[in-house]
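Structure first, then comments.
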2 protein chains.
Amino acid sequence: MRVLGIDPGLTRCGWGVVDGSPGRPLSLVDVGVVRTSADLPLAQRLVAIEAGVEECLDRLRPDAVAVERVFAQHNLRTVMGTAQASGIALLVAARRGLPVALHTPSEVKAAVSGSGRADKAQVGAMVTRLLRLQEAPRPADAADALALAITHIWRGGAQSRIDAALARAGRT
Amino acid sequence: MRVLGIDPGLTRCGWGVVDGSPGRPLSLVDVGVVRTSADLPLAQRLVAIEAGVEECLDRLRPDAVAVERVFAQHNLRTVMGTAQASGIALLVAARRGLPVALHTPSEVKAAVSGSGRADKAQVGAMVTRLLRLQEAPRPADAADALALAITHIWRGGAQSRIDAALARAGRT
């Protein structure tokens, strides 16, 4: 299974694609960040994020997309932009009929490090180890996106099939 | 000038189109609500909202789009969905190169009723009067969308030209 993980954000929207299946070694396909300038109007930034996610899907053809679930309680200053960026990511994936899942930051931390309270450095270190990289992906948004993809692969199977069925139902 | 106003929401996304210019009588073009079921996955709901806004733009050809500015401080339970719906509206308009503006609820209330603290009934009554309707548009989301369009027409001129210039710059 090939999964695109997306750590949504207006200024930096991290993305990472991982191949793997539960219980098998994982491999990095590609990773990056869509950046948009705070000087642009909000609507133009959302258009740029849509284009970036579309480009990932066109080029890397994932089987599923995993997006970080955003909570209103956290980071009040940036949460609206983060919510809007996550909405764009969900839209672009669902429009293609791809199964889409949301995972919380705690679920991702617990999946890759064993603790829902792991810090950014721990998550980065585990992503580096699990994908057998030479160094941690930078910036942290890129590492977080890979951690999301890994989480999705490991939570895998059943949930993905449910999502795929729902996505198909939504298209008909 | 023809303006599409959008009162974003996941369950009910109100939209309303008004023709007019500052100092001239206003006229209603069309008004409605895009509804999505809470039973659908979030991503599918966003796809439905995109389709609804696209349909409005295709059919009614507004010159500009005005979207309510959402604040994280209000309605914590629904704010994430509202932010995501507003992001979709902004994206769809900007992708076509249409000028997009955000107006706060207080700005809209002040524009149509003279008070930034007007309640829903007051806004509905003023929209009814200003557009010379027989009765207030229902639900309130539809009336709010018309109030946004009216606000945009009245704040009009200068700001729209700035937005249009920015939109053109974003496309090049």
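Sorted shortest first, the distances from the B:ALA110 label point to those of the same residue in the other copies are 4.7 nm; each point sits 7 Å from Cα along Cα-to-Cβ. Overall, segment B:2-171 carries a charge dipole of about 320 debye about its Cα centre when +1 sits on the Cβ of Lys and Arg and -1 on the Cβ of Asp and Glu, all other atoms neutral.
For B:ALA121 and B:ARG77, FRET efficiency with R0 = 30 Å and r from the beta-carbon atoms, rounded to 0.05? Spell out each step's value before the answer.
Working: r = 23 Å, r/R0 = 0.77.
Efficiency, rounded to the nearest 0.05: 0.85.
Normalised per residue, the accessible area of the protein assembly as shown is 45 Å², obtained with a 1.4 Å probe and no contribution from ligands, DNA or RNA.
Normalising by residue count, segment B:2-171 has a Cα convex hull of 110 Å³ per residue. Short-range pairs are left out: with C-alpha atoms under 8 Å and at least six residues apart, the relative contact order of chain B is 31 percent. Shielding by partners for peptide A:34-41, expressed as the average number of C-beta atoms from other protein chains within 10 Å of each residue's C-beta, is 2.
When chain A is treated as a Gaussian network with alpha carbon springs shorter than 10 Å, the biggest mean-square fluctuation among A:ILE150, A:ILE49, A:ILE88 belongs to A:ILE88.
Of all DSSP beta bridges in segment B:2-171, what percent run antiparallel (nearest 5)? Each step should come with its number before you reach the end.
Details: 14 of 22 bridges.
Antiparallel bridges make up about 65 percent of those DSSP assigns within segment B:2-171.
Largest GNM mean-square fluctuation among B:PRO99, B:PRO62, B:PRO41, using chain B with Cα springs under 10 Å: B:PRO41. In the assembly of identical copies, B:ARG138 has its label point, taken 7 Å from Cα in the direction of the beta carbon, separated from the corresponding points by 6.1 nm (ascending, one decimal). Placing a label point 7 Å from the Cα of B:ALA38 along the Cα-to-Cβ direction, the distances to the matching points in the other copies come to 3.6 nm, shortest first.
The values are calculated or read from the model by the stated rules, or taken from the named source; none is laboratory data. Note that the structure is predicted; figures quoted are calculated from it, not measured. Note: ideal-geometry Cβ built from the backbone for every residue, glycine included; neighbour counts use all protein chains shown. We work out accessible area using only protein heavy atoms, side chains counted, and drop any ligands, DNA or RNA first. Shrake-Rupley method; radii C 1.70, N 1.55, O 1.52, S 1.80 Å.
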